[in-house]
Structure formats: structure tokens, C-alpha cells
């Protein structure tokens, strides 16, 4: 089982703020959702990666999330039977 790490990407002259979700199996980047806020945006990015990797179809969900000392978030996964 893998964990997902999400990282805030600051806005540039060409792109707005984004969140990048990364696991050993791949990554995805989404726009920062100001309505969802910081923690919500990180969770949305982690769920977007679950969807991209088709892990949700295999019963894998996020069991818990938390902020790491460097400001990134870690999302622990579980398989629902």
C-alpha cells in the first residue's frame, strides 16, 4: 500500500496556485480550491489521484490525513472490504 503526499505550488505569472498529489504510482496537479481552503484542497488533490489511478474502484480510500513539518500533507490509504 502506498501513501499520497500533497504539496502546495505557489502561483506564477502564468498559472494560479495549485496542489500536486504524488504517490509511487503517479501524480496529478489540480487548481487550488479557495472555497475548500488549505486542508480541503489537499484532500481534493489526493482524491483526484485516487480517481486517476482507478484505486477507488478497487476499494481504496483515504483513512486519514495530516500536515507534515514541511507544510506538505500526507494521506494514508486503506482498502475497504
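A compact table of results
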{"read-out": "The range 41-81-the range 23-40 distance, computed between alpha-carbon centres (Å)", "value": "10"}
{"read-out": "Proxy reagent accessibility, fewest Cβ within 10 Å first, across 22, 61, 12", "value": "12, 61, 22"}
{"read-out": "Over the chain: helical MRE at 222 nm, DSSP H runs n ≥ 4 each giving -39500 (n - 2.57), nearest 500", "value": "-6500 deg cm²/dmol"}
{"read-out": "The chain: C-alpha gyration tensor shape, a/c 1.5 cut-off, then a/b vs b/c", "value": "prolate"}
{"read-out": "Order of 31, 70 - criterion: other Cβ atoms within 10 Å of each residue's Cβ, fewest first", "value": "70, 31"}
{"read-out": "C-alpha long axis of helix 37-52 to longest principal axis of the chain, angle in °", "value": "50"}
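Read the figures in this text as sums done on the coordinates, not as results from a lab. Keep in mind it's a predicted model, so treat the numbers as computed, not measured. As a convention, Cβ positions derive from the backbone with ideal geometry for all residues, glycine included, and neighbour counts pool all protein chains shown.
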